[in-house]
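Notes follow once the structure below has been shown.
The values are calculated or read from the model by the stated rules, or taken from the named source; none is laboratory data. Everything quoted here is computed from the prediction, not taken from an experiment. Note that each Cβ is placed from the backbone with ideal geometry, even for glycine, and that neighbours are counted across all protein chains shown. To get the accessible areas, we keep the full protein, side chains included, count just its heavy atoms, and leave off ligands, DNA and RNA. Shrake-Rupley method; radii C 1.70, N 1.55, O 1.52, S 1.80 Å.
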Amino acid sequence: MAMIDEPLYPIAVLIDELKNEDIQLRLNSIRRLSTIARALGEERTRKELIPFLSENNDDDDEVLLAMAEELGVFIPYVGGLEYANVLLPPLETLCTVEETCVRDKSVESLCRIGAQMREHDVVEYFIPLVKRLAAGEWFTARVSSCGLFHIAYPSAPEALKTELRTIYRQLCQDDMPMVRRSAATNLGKFAATVEAAHLKAEIMSIFEELTNDDQDSVRLLAVEGCGALGKLLEPQDCVAHILPVIVNFSQDKSWRVRYMVANQLYELCEAVGPEPTRSDVVPAYVRLLRDNEAEVRIAAAGKVTKICRILNPELAIQHILPCVKELSADSSQHVRSALATVIMGMAPVLGKDATIEQLLPIFLSLLKDEFPDVRLNIISKLDQVNQVIGIDLLSQSLLPAIVELAEDRHWRVRLAIIEYIPLLASQLGVGFFDDKLGALCMQWLKDKVYSIRDAAANNVKRLAEEFGPDWAMQHIVPQVLDMINNPHYLYRMTILHAVSLLAPVMGPEITCSKLLPVVINASKDRVPNIKFNVAKVLQSLIPIVDQSVVEKTIHPCLVELSEDPDVDVRFFASQALQSSGQVMMSS
């Protein structure tokens with residue numbers, strides 16, 4: 001009897017747990033649906049489990065969300081594509097619930113299932129579902145339906161296609177703004193499946209209606225679709241239908257719409273081609289750069305380099321550069337920061353003369369900005385200017401600003417500069433680095449803030465990697481090792497840390513001849529913190545140096561440290577001795 005009852009057990013557990021008051025038990029049960037379906041078999045899953053789930057639609061949102069997600073990958077458990085349609089009813093119900101994230105997940109799962117369904121099944125089951133949702137009495141169903149049209153449309157016969165286009169137009173004119181928003185959001189996806197003839201005749205008129213909507217949230221989403229629609233149209237149609245809308249929107253009364261226009265403008269320029277961009281888009285873009293809302297100026301400033309690349313240098317200098325000068329002194333630090341992120345990219349577009357005359361003064365004013373992020377955004381992109389105006393001119397104008405930042409009273413600014421030093425070194429070359437920046441790197445090793453000293457030690461290692469061990473041996477290692485005699489123990493600890501980082505880069509020979517003796521000497525230090533750091537460094541050197549060095553030099557030093565009066569020194573020394581013992585045993 002027990003054998004017969006066993007297959008019933010999983011569904012009984014599921015039903016019990018789904019009705020349990022504890023939400024966690026219900027959630028666990030839903031997340032085990034695939035296991036339960038496998039235990040039940042395909043036929044019982046179709047006939048018992050799925051109908052049960054269809055009825056169980058008034059649960060907590062978290063449970064419903066998990067159910068919507070599980071059902072999206074359930075096709076193999078109901079018998080494959082042949083029976084995929086049985087999954088549609090529970091998801092259709094979930095598409096009508098109030099919670100947005102449940103509806104979105106249900107639409108996502110329906111799209112996944114619909115994309116795999118056989119064509120005649122789509123016509124027989126999926127398209128009627130879309131039509132039922134689109135005619136739903138409650139707005140949530142109509143909102144969900146908008147995200148399914150791009151799956152339903154390609155498989156529909158001609159008469160149904162006409163009906164689907166008509167229904168979509170009705171959704172775009174719905175009384176509820178939420179439905180119109182959803183229709184505007186999904187218009188690009190739906191348009192991509194519609195035939196070219198209908199695209200111009202019907203979809204573009206739908207788009208124009210949405211762009212004239214009285215709700216700014218709908219217009220906003222219509223603008224977002226401009227780029228996608230522009231890519232589907234021929235350039236001349238794009239100029240006729242989409243360009244006037246964008247130009248009009250750049251003066252919209254809602255700043256959110258103008259913000260979205262600023263974000264989408266470059267994609268539109270790509271769609272319409274260079275000529276209309278010059279005549280129509282540039283004036284609209286200039287308006288956005290001078291917008292009275294900081295958020296709009298931020299979005300527009302972030303696109304300045306991309307727009308300049310489409311234009312010729314004369315137009316960029318004539319129209320865009322005056323705005324860039326204004327933005328570099330903008331009252332909002334976030335606008336200046338957005339500009340600093342991209343302004344360097346204008347140098348290759350404008351060419352050497354215009355960069356020196358017009359852009360360099362702007363760079364320098366941004367480098368002296370009171371807001372650290374603005375200064376750092378400029379420094380991180382210097383290679384683009386270096387390629388255009390050459391290292392000599394750049395170093396003359398740039399070096400004072402870097403030195404100023406390197407000594408900034410905010411330690412986070414100093415930290416960010418240190419992180420850019422290897423990048424600067426690679427961009428500006430070894431000669432420039434030796435003359436101008438070498439002393440700064442040594443100075444940071446003696447900073448009052450630990451994070452700066454730690455970053456400076458990493459910086460020394462990255463410079464050795466960049467310029468090679470020979471250069472490091474000449475320019476870095478002697479100065480670093482000299483600091484081991486600093487009277488303050490914290491600075492001596494920083495040097496030990498730098499030695500442990502440099503050793504793998506410098507190789508075994510230099511490590512044995514130059515770095516190891518300094519570490520061994522430091523083991524005689526009177527401060528316990530130094531001594532246990534010596535033990536750690538020696539442990540890190542064991543894999544790098546030859547075995548004979550471990551036996552003759554490192555091991556005796558560690559034995560001595562393991563007998564130190566300080567408990568921490570003994571602990572780290574004994575750990576390091578285990579490593580050295582393993583190396584000596586393996587020989």
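A few notes on this one:
- Separation of the range 429-494 and the range 536-562, taken as the distance between their Cα centroids, equals 24 angstrom.
- Full extension of the chain between Q170 and A240 yields a length gain of 22.8 nm, computed as 0.36 nm times the residue separation minus the alpha carbon distance.
- Sites V430 and N486 - FRET efficiency at Förster radius 30 Å, r taken between beta-carbons, to 0.05: 0.65
- In this simple spin-label approximation, V123 and A159 carry label points 7 Å from Cα along the Cα→Cβ vector, and these lie 1.1 nm apart.
- Checking every one of the GluC sites (Glu not before Pro) in the range 325-375 against DSSP loop status and a limit of 16 other Cβ atoms within 10 Å picks out E370.
- Where (1) 42, 36, 23; (2) 56, 26, 22; (3) 60, 43, 19 are the candidate values, the label of the one calculated here for semi-axes √(5λ) of the Cα gyration tensor in Å is (3).
- Apportionment of accessible area to carbon and sulfur, the range 242-334, percent (1.4 Å): 48
- Surface share of carbon and sulfur [accessible, 1.4 angstrom probe, percent] for the range 419-501: 50
- Calculated [θ] (222 nm, deg cm²/dmol) that DSSP helices of n ≥ 4 give over the chain, each run adding -39,500 (n - 2.57): -19500 deg cm²/dmol
- Tensor-based shape of the range 143-286 (alpha-carbon gyration tensor, a/c under 1.5 rounded, otherwise prolate or oblate): oblate
- Cα-based shape type of the range 448-587, given that a ≥ b ≥ c are square roots of the gyration tensor eigenvalues and the cut on a/c is 1.5: oblate
- Rounded to the nearest 20 debye, dipole of the range 508-554 from Cβ charges on Lys, Arg, Asp, Glu: 260
- Length-normalised contact order for the chain - Cα pairs under 8 Å, 6+ apart - percent: 5
- Residue-normalised convex hull volume from the C-alpha trace of the range 45-165: 89 Å³ per residue.
- Multiplying the residue separation of A196 and W411 by 0.36 nm and subtracting their alpha-carbon distance yields 71.5 nm.
- Förster radius 60 Å - calculated FRET efficiency between L315 and E82, Cβ distance, rounded to 0.05: 0.50
- Look at the alpha carbon pairs under 8 Å that are at least 6 residues apart: their mean separation over the length of the range 108-251 gives a relative contact order of 19 percent.
- Only alpha carbons enter this Debye calculation for the range 98-209, each as an equal point scatterer, and the log10 of I(q)/I(0) it gives at q = 0.11, 0.22 Å⁻¹ is -0.31, -1.29.
- In the context of the full set of protein chains, residues of the range 439-587 present 48 Å² of accessible surface per residue (probe radius 1.4 Å, heavy atoms only).
- Of the trypsin sites (Lys or Arg not before Pro) found in the range 466-554, those in coil by DSSP whose Cβ has at most 14 other Cβ atoms within 10 Å are K524, R526.
- Here the extension length gained between S380 and N248 equals 43.9 nm, from 0.36 nm per residue of separation less the Cα-Cα distance.
- Part-to-part distance (alpha-carbon centres) for the range 112-191 and the range 314-354, which is given in Å: 45
- Cα-centre dipole for the range 42-171 with unit charges at Cβ (Lys and Arg positive, Asp and Glu negative), debye to 20: 700
- For the peptides 86-97, 561-572, residues were scored by their other Cβ atoms within 10 Å and the scores averaged per peptide; the highest-first order is 86-97, 561-572.
- Share of carbon and sulfur in the accessible heavy-atom surface of the range 531-587 [1.4 Å probe, %]: 52
- Estimated distance in nm for a label pair at S217 and L423, the labels positioned 7 Å out from Cα along Cα-to-Cβ: 3.9
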